[in-house]
Amino acid sequence: MKPAPFVYHRPRTVEEAVALLGLPACKVLAGGQSLVPLMNFRLSRPRHLVDINWLPGLDGVEWDPDQGRLRLGALVRHQVLATHPLVRRHLPVLAEAAGHIGHWAIRSRGTLGGSLAHADPAAELPAAMVALGARFCLRSQSGERWVDAGEFFQGLFTTVLAEDELLTAVEVSVDQSARWGFYEIARRVGDFALAGAYARRRGGVIDLTWFGVGPKPFTVELQAGEAEAALEQVLQTAAEDVAARQWAKVAAMRALQRAGR
Amino acid sequence: MEHSRPQWTGARVARVEDARLLSGRARYLDDLPLPGCLEVAFVRSPHAHARIRRIDPRLALAMPGVVAIWTFSDCPVRLLQSGVYPVGQPALADGEVRYVGEPVVAVFAADRYLAEDAAEAVEVDYEPLPAYVDLAAIVEHPDWAVHPPVDNRYVHREYATEGFDQAFAQAPHHLRVRFRTRRQTAVTLEPRGAAAVFDPASERLTFYASTQSPHRMRGDLAKFLGLPDHRVRVVVPEVGGGFGMKANTYPEDILVAWAALKLGRPVRWVSDRMESLLADAHARDDIHDVEVAFDGEGRIWAVADHLMADGGAYPGYPFSGAVGETGLAAQVLTGPYQIPHLKTTIDCVFSHKTPLGAYRGVWGPIASFVQEGIVDRVARAVGKDPAEVRRLQLIDQFPYRNPAGLVYDPGSYRDSMELALKAIDYDRWRDEQRRGWREGRYLGIGISVFVEPSAMAASESGSIPYEAATLRMEPSGKVTASLGLGPTGQGHETTMAQLIADALGIAVEDVVVLHGDTDSAPLGGGTGGSRSATIGGGAALTAAERLGEKVRRVAAHLLEADFEDVVLAQGQAYVRGVPSRALPLAEVARIAYTDVARLGPELEPGLEVTARYRPPLPMTFSNGTHVAVVEVDIETGLVKVLRYAVVNDCGTLINPQIVEGQIVGGVAQGVGSAFLEELAYSEDGQLTTTTLLDYRLPEATDVPPVEIQHLTTPSASLGGMKGMGEGSLIAAPAALVGAVNDALAPLEVWFSEIPITPEAIVRAVRRRAEAPR
């Protein structure tokens, strides 16, 4: 369980980092909580590893009161997401979900950007971003572009992030009228989800976003009152077996319950 | 000042091991500095069954840091226990691979990184062959053979009590159940490993091992390497858990020792976690097809059981876990209950899976799961409370000969259950349960009354029926003890010191306990089968008494008193009734070694003894009761343990804190067994759970607070101790499974397979909901 040989790079600026991304078989090292085990199993064999942990300015949590927008740097650690006063005040559902990621040691290293770029379908944060309608800033040598979370995730561990791009920041516009609920079903505390859901209630409209159910997070809009019956219908196609469908349904119903009336 | 009153035995003495363990200063095998050491990486089989057409190491040999690459012909050793098993595993696969993870090629390089790089470059050309993976199917197909022409059913035994058929037929009611336990492994915190250094000057091999049985390991190395045993020294540094899994000698051990001899350099291999899950001894791959005969009261008349175990591709060395699991399960299958008739059929078969070895409790967790499952099923069949049905048939006369012929020494079977039910407040939980059912809450109470055969003359760690201790009172009056045990975290340095301190009237801190070095320790069987406190403790006590006698003889001479009148207490030898006529032990010892003119001609200089202890009975039975209260979320299938009470009786307690630590650890592992842990194989024999992401261990949040009480029915052994290293894991899965079944009684759901997964619960509940009424 030792990684295959690789060249280690430690850029000091974002510009330097994105320049290095042009190297062949290059991987970005952020918190390393998924990448390093994969490298140790030799399932991932980068020839160049670009360590972005030393880049300045990527670990900020900023609230823009004029826009009603929270900006999160790619290097914000899960433990910071779970505990930061600004996140807890403006997006308590995100703080709650981040607290469900792995264990303290994993949360202290794992990063928001890393989790999003890795796109594990059973992870909490990609679905959170889809549910919250976040957008991501992707930097490359030719500049930056912004992509909606809903378009970013393409499938199992697949995103629109190009090989020469670095995810640097996330922005979430906070809708003060929405009520949120989160629920995750996992075998043990800190495990990846058997199924998890975010529920957003705005007036009579309910949006449910799942993780751990399909190959990527997905959202379904329902009218309040028809929720349970409609859920059965939706999940017929989303999950392949009885237990998985049941977990998807129960996670959604309990998330919805937590979103309140 | 009464010297016979124990001060230390029975006290909650803080473990002397903990300071180094908790501060990270313990030194494990991997921490040893071995200059010039080569590290090994193994090429392991990716196939469950294949012929090896060709191995080409040329590319790998040319890589940086690579010193040698070996195949079977470089280390042509088979770990064969001849006369016991028909086959033995080769140190490296010999032309054919028979399980995923089997070592095929060994790569020796300057470090593990380089060794793994080179291992990847070794080309092995395999011709895949059909794999036999499913135990039930293997038993049904006697023509399937893993080692043709050897009979694939390598152990078959039948047993029945006289009059079984008649008793079985005459019983008014019968039921059948298939119980299934899935593969597990111990997952020690410190993985397996081995390191070897050959000294050409002394022509001695020093072998560092992470093992439970230092002397057995020495014997095995001597045998397979063709060295006399006094040229082999086995040293066991700190060991981070064994649980029976480290009671085997493995192919990697032989390979490392052989390489140190042939390559003339120190060699080390430390398993990584993936290798651990693939190639450490597996356990618990068993099926029990049970038929029970009982009456309308719930009294069980007779039990018939077809016990099947999947032993994997080879028998582990020197014992097969499949044989241990079934052979002893068949003997304790009736547990603490007076069931007069028993019929057992045992079949152990080979498969294309990892060899089965020991895991804490070995047969016990399986036998208890079956035995308590039977009682719960009978209770449900006759519509009685499970505690009531147990009361009908708990053993209360001793010694008790069970239907398999084992003789139980006295225990507290009934008292332990009543006390445990009281501790948990049984009746109140029954009320809660009924209220919960009306509200859609599923609470369940599981009872597991267990027997734990311990301190067996023969156990997995060695077949010698005794233990040995060498005790030396140094010139300072302090004591050095050396034992042949192989502790892996049990705290022997504390408990053995407690026994010795009391026998010599000195303080625990004045005793140093050494173990795990065959150069200093007298030959012992090691640690396993819950034998150390009883047999090892007996050896420590015997040696301490004899040393005390020596000290008293010297003191009597110096004090000009009768030997009979000399008492040892508080670090002094004094004349009974005359405390002023006393000598500090330091003075007695100094004279015994360095001022020997004062001893007179009849006394031998020095204060050193070696003693061996053989218990009077072939085994002694601990007992107790676990009661679990769980809540099942029938929508998610998740189970939460709400309360957990244990009443444990292991005879004399040397150190209650250590006993309680053992119990809590066993309950934790029981949670893993009942709900989480499974080594899963695909149909073609791939192990699909090769990381701790997939092989789920219980976490702190899964383990309930354990409320513990002790009862004390001493054994007939010196000191009155009984073994208790396994009882908690023997009892816990049965209590937890029983609680889940109890919770789901209104839904008529019943589980007789572990682990019980959330998926299994969800499916069972839905099936029931969708079934036509």
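No value in this document is a laboratory result; all are computed from the given coordinates. Not measured: the values here are computed from a predicted model. Every residue, glycine among them, receives a Cβ derived from its backbone with ideal geometry; neighbour counts consider all protein chains shown.
Answer rounded, prolate or oblate for chain B, using the Cα gyration tensor with square roots of eigenvalues a ≥ b ≥ c: rounded when a/c is under 1.5, else prolate when a/b is larger than b/c, else oblate.
oblate
Tell me the relative contact order for the stretch A:172-261 as a rounded percent, counting alpha carbon contacts under 8 Å between residues six or more apart.
With pairs under 8 Å counted, the relative contact order is 34 percent.
If you average the C-alpha positions of the stretch B:180-218 and of the stretch A:144-188 separately, how far apart do those two centres end up, in angstrom?
One Cα centre to the other: 49 Å.
Quick one: length gained pulling B:Arg176 to B:Val84 fully straight, 0.36 nm per residue minus the C-alpha distance?
29.8 nm
Between B:Asp111 and B:Ser73, take the C-beta separation as r, use R0 = 41 Å, and let me know the FRET efficiency to the nearest 0.05.
0.95
Give the long-range amide H neighbours of B:Gln572: residues separated by 5 or more places, or on another chain, with amide H under 5 Å away, using H modelled in the peptide plane at 1.01 Å from N.
The list, which skips near neighbours in sequence, is B:Leu585.
Report the one residue of B:Val375, B:Met473, B:Thr188 whose Cα lies farthest in the direction of the positive end of the charge dipole of chain B (charges on C-beta: Lys and Arg +1, Asp and Glu -1; origin at the Cα centre).
Positive-most Cα among the choices belongs to B:Met473.
Could you tell me which chymotrypsin sites (Phe, Trp or Tyr not before Pro) in the stretch A:127-218 are loop residues by DSSP with no more than 14 other beta carbons within 10 angstrom of their beta carbon? Walk me through the intermediate numbers first.
Numbers: sites: A:Phe136, A:Trp146, A:Phe152, A:Phe153, A:Phe157, A:Trp180, A:Phe182, A:Tyr183, A:Phe192, A:Tyr198, A:Trp210, A:Phe211, A:Phe218; in loops: A:Phe157, A:Phe192.
Hits after loop and neighbour filter: A:Phe157.
Quick one: dipole size for chain A, taken about the Cα centre, charges +1 on Lys/Arg Cβ and -1 on Asp/Glu Cβ, in debye to the nearest 20. Show your work: numbers first, answer last.
On the way: 29 positive and 27 negative charges, 157 e Å.
For this selection, approximately 760 debye.
Starting from the eigenvalues of the Cα gyration tensor, five times each then square-rooted, give me the equivalent ellipsoid semi-axes of the stretch B:361-516, largest first, whole Å.
44, 20, 15
Please average, across the residues of B:634-641, the number of beta carbons from any other chain that are within 10 Å of each residue's own beta carbon, and give a whole number.
Counting Cβ atoms of other protein chains within 10 Å of each residue's Cβ and averaging gives 4.
Pull out a ≥ b ≥ c, the square roots of the eigenvalues of the alpha-carbon gyration tensor of the stretch A:179-259, then state rounded if a/c is under 1.5, prolate if not and a/b is larger than b/c, and oblate in the remaining case.
Oblate.
Which net charge results for the neighbourhood of B:Glu467, defined as the other residues with beta-carbon distances under 10 angstrom from its beta-carbon, given Lys and Arg at +1 and Asp and Glu at -1? Walk me through the numbers before you get to the answer.
Numbers: positive: B:Arg531, B:Arg612, B:Arg614; negative: none.
So the environment of B:Glu467 carries a net charge of +3.
How about the stretch B:1-75: which trypsin sites (Lys or Arg not before Pro) there are in a DSSP loop, with at most 13 other Cβ atoms within 10 Å of their Cβ?
B:Arg12, B:Arg25, B:Arg27
Tell me which DSSP H helices of chain B clear both cut-offs, 15 Å or more of axial length from alpha-carbon atoms and a mean Kyte-Doolittle hydropathy of at least -0.5.
B:251-263, B:321-332, B:364-382, B:413-424, B:492-504, B:537-559, B:656-671, B:727-743
What are the ³J(HN,Hα) couplings of the stretch B:630-646, residue after residue, when phi is run through the Karplus curve with 6.51, -1.76, 1.60 and θ = phi - 60°? Round to Hz, x for glycine and proline.
Computed from phi, the couplings for the stretch B:630-646 are 10, 10, 9, 8, 6, 6, 9, x, 7, 10, 10, 8, 8, 9, 8, 10, 10 Hz.
Can you give the Rg/Rh ratio of the protein assembly as shown, where Rg is from the C-alpha atoms and Rh is the Kirkwood radius?
1.00
Once you mark the GluC sites (Glu not before Pro) that are in a DSSP loop and have at most 14 other Cβ atoms within 10 Å, what is the longest gap between them in chain B?
In chain B, the maximal stretch lacking such sites is B:298-559.
Determine, for A:Leu29, B:Leu514, the number of other Cβ atoms within 10 Å of each Cβ, and report the residues in order from fewest to most.
So the ranking, lowest neighbour count to highest, is B:Leu514, A:Leu29.
Efficiency by 1/(1 + (r/R0)^6): what FRET value for B:Arg27 and B:Glu203, r their Cβ-Cβ distance, R0 = 35 Å, to the nearest 0.05?
According to the calculation, E is roughly 0.85.
Only loop residues by DSSP count here, and only those with at most 15 other Cβ atoms within 10 Å; note down the GluC sites (Glu not before Pro) in the stretch A:115-204 that meet that.
Numbers: sites: A:Glu124, A:Glu144, A:Glu151, A:Glu163, A:Glu165, A:Glu171, A:Glu184; in loops: A:Glu163, A:Glu165.
Counting only loop positions with at most 15 other Cβ atoms within 10 Å, the GluC sites (Glu not before Pro) in the stretch A:115-204 are A:Glu163.
Only residues of the stretch A:1-23 count here: report those whose backbone N is under 11 Å from the spot 7 Å along Cα→Cβ of B:Asp272, or say none.
Residues A:1-5 qualify, since their backbone N sits under 11 Å from the label point.
If we count other beta carbons within 10 Å of each Cβ, what is the order of A:Ile52, B:Ile464, fewest first?
On the way: A:Ile52 25, B:Ile464 20.
With the fewest neighbours first, A:Ile52, B:Ile464 line up as B:Ile464, A:Ile52.
With r defined as the distance between the Cβ atoms of A:Trp146 and B:Thr701 and R0 fixed at 35 Å, what FRET efficiency is calculated, to the nearest 0.05?
Working from the Cβ atoms, E equals 0.35.
Can you compute the radius of gyration and Dmax for the stretch A:61-173, using only the Cα atoms, both in Å?
13.2, 38
Along the charge dipole of chain B, which of B:Gly486, B:His557, B:Pro579 sits closest to the positive end, that is, farthest toward it, with unit charges on the beta carbon of Lys, Arg, Asp and Glu (+1, +1, -1, -1)?
Of the candidates, B:Pro579 comes out farthest on the positive side.
To the nearest 20 Debye, how big is the dipole of the protein assembly as shown about its Cα centre, given +1 on the beta carbon of each Lys and Arg and -1 on that of each Asp and Glu?
Computed about the Cα centre, the dipole is about 960 debye.
Only Lys, Arg, Asp and Glu count, each charged at its Cβ (+1, +1, -1, -1), so figure out the dipole size of the stretch A:61-173 about its Cα centre, rounded to 20 debye.
That gives the stretch A:61-173 a dipole magnitude of about 400 debye.
Please rank B:Val667, B:Val370, fewest neighbouring Cβ atoms within 10 Å first, as an exposure proxy. Walk me through the numbers before you get to the answer.
Working: B:Val667 28, B:Val370 24.
The order, fewest Cβ neighbours first, is B:Val370, B:Val667.
Normalised by the residues of the stretch B:466-613, what does the relative contact order come to in percent, with Cα pairs under 8 Å and at least six apart? Spell out each step's value before the answer.
Working: 296 pairs, mean separation 48.5, N = 148.
RCO, the stretch B:466-613: 33 percent.
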